[in-house]
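Data first, discussion second: the structure below is written as structure tokens.
Laboratory data are not the source of any read-out in this text; all were calculated from the coordinates shown. This structure is a prediction, so every number in the text was calculated from the model and none was measured. Neighbour counts run over all protein chains shown; Cβ positions are idealised from the backbone, glycine included.
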Amino acid sequence: MTASAHVLVFRPLIKLLRERGADVEITARDYAQTLQLLELHGIDANVIGKHGGRSRLGKLRAMRARLQALRRWARERQFDVALAHGSHELTMTARRLDIPSATTFDYEYAWLQHQLGCRAATKVVVPDAIPPERLAKYGARPPKLLQYPGLKEEYYLADFEPDRAVLDGLDQRRVLVVLRPPPDVSLYHRHSNPLFPQTVDFLGRHGDVQAVVLPRTEEQREFVRGLDLPSLVIPERAVDAQSLIALSDLVVSAGGTMNREAAALGIPVYTTYGEPLTDPRALDLRKRDSAAGERVRRDPASMLELLLSALD
């Protein structure tokens with residue numbers, strides 16, 4: 001697991017595998033809230049490597065170090081299969097050790113990551129919303145390429161019901177907005193978008209709003225805290241973001257996962273990625289009816305079977 005969202009994706013899959021009697025070992029990279037979320041969900045992991053920072057050279061050094069560490073760790077463990085969510089280091093390590101592997105992701109434009117990860121993987125599993133021809137340049141074509149219907153969030157949120165304890169300490173009379181900053185250290189977000197800081201400033205000064213900001217990094221946390229805006233709340237650690245989203249009135253995210261989680265949970269959501277939202281004053285700030293939109297719940301076992309087809 002190399003990013004926070006991967007914990008959520010694999011939580012039900014790990015449970016299913018262990019219920020079947022499989023011996024599951026987990027590796028994680030020290031990045032963003034990944035380790036805190038593993039702790040929150042009671043998942044033990046072997047911490048191998050960390051993020052390389054903003055520079056390409058730093059990322060290259062971190063990748064090389066993690067590849068070496070993963071090989072040393074996995075070499076004597078006799079694994080039958082390796083499963084990843086976009087972790088090119090894992091599929092590259094598995095190929096080097098002659099272990100079948102499967103990788104899944106839902107953002108097809110991370111060019112370098114997929115050139116490495118997809119070519120090394122035995123199977124590539126993606127949502128059917130991605131046209132297959134976009135993945136051919138990564139060496140992922142049928143039968144190597146497998147696709148599933150809907151959003152991955154509809155699978156890992158299938159058994160989810162929100163916990164209202166996440167609202168403790170928040171002013172529920174005001175419009176509750178969840179804010180997620182952009183992944184500034186990612187290579188596919190090289191050009192910073194000024195719209196998100198404008199949105200934070202607008203909502204942070206709005207007297208009818210309680211805006212909970214969920215930073216990705218400590219640098220983002222310190223930046224938002226330093227703004228000292230009266231309507232912002234910045235949690236000190238990783239929180240049950242899915243419950244927060246499900247009980248919120250609105251989500252504004254510059255990433256992908258929380259946008260899709262909100263959509264899967266029937267919550268109004270805006271994205272600042274690619275600038276579909278051009279002015280924060282256009283946000284529809286109002287208390288939502290208690291009933292969320294209709295949810296689609298999909299069986300995570302069906303996704304697991306696609307991933308395990310690497311063994312066939």
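Taking only C-alpha pairs under 8 Å that are 6+ residues apart, what is the relative contact order of the chain in percent?
Once normalised by length, the contact order is 17 percent.
Sorted from fewest to most neighbouring beta carbons within 10 Å, what does the list Tyr109, Tyr273, Tyr138 look like?
So the residues, fewest neighbours to most, are Tyr109, Tyr273, Tyr138.
Please list, in order, the residues from region 35-68 whose amide nitrogen is less than 19 Å from a point placed 7 Å along the Cα→Cβ vector of Arg96.
46-52, 57-68, by backbone N distance to the label point.
Sort largest first and round to whole Å: the equivalent ellipsoid semi-axes of region 164-282, each the square root of five times a Cα gyration tensor eigenvalue.
In descending order the semi-axes read 20, 16, 15 Å.
Please rank Glu89, Glu133, fewest neighbouring Cβ atoms within 10 Å first, as an exposure proxy.
The fewest-first ordering by Cβ neighbours comes to Glu133, Glu89.
Please list the non-local residues whose amide H lies under 5 Å from the amide H of Ile26, H modeled 1.01 Å from N, same-chain partners needing a gap of 5 or more.
For Ile26, whose amide H was placed from the backbone, the distant partners under 5 Å are Asn46.
Using only helices, what value at 222 nm comes out for the chain when you add -39,500 (n - 2.57) per DSSP H run of length 4 or more and divide by the total residues, to the nearest 500 deg cm²/dmol?
-10500 deg cm²/dmol
How big is the shadow of the Cα convex hull of region 48-184, averaged over all directions, in nm²?
That works out to 11.6 nm², a quarter of the Cα hull's surface.
Divide the volume of the convex hull of the Cα atoms of the chain by its number of residues and quote the answer in cubic angstrom per residue.
131 Å³
Using modelled amide H (1.01 Å from N, peptide plane; none on Pro or chain starts), what sits under 5 Å from the amide H of Lys50, excluding residues fewer than 5 places away?
Asp30
Residue by residue through region 174-179, what is 3J(HN,Hα) from phi via Karplus (6.51 cos²θ - 1.76 cosθ + 1.60, θ = phi - 60°)? Round to whole Hz and write x for glycine and proline.
8, 5, 8, 10, 9, 10
Long-range amide H contacts for Tyr270: which residues qualify at under 5 Å (H placed 1.01 Å from N, peptide plane, sequence gap of 5 or more or a different chain)?
Here the answer is Val251, Val252, Ser253, since their amide H atoms fall under 5 Å of that of Tyr270.
Of Lys15/Lys137; Lys59/Lys287; Lys15/Lys144, which ones are farther than 31 Å apart at the Cα? The partial results should precede the final answer.
Details: Lys15/Lys137 34 Å; Lys59/Lys287 43 Å; Lys15/Lys144 26 Å.
Violating the 31 Å limit, Cα to Cα: Lys15/Lys137; Lys59/Lys287.
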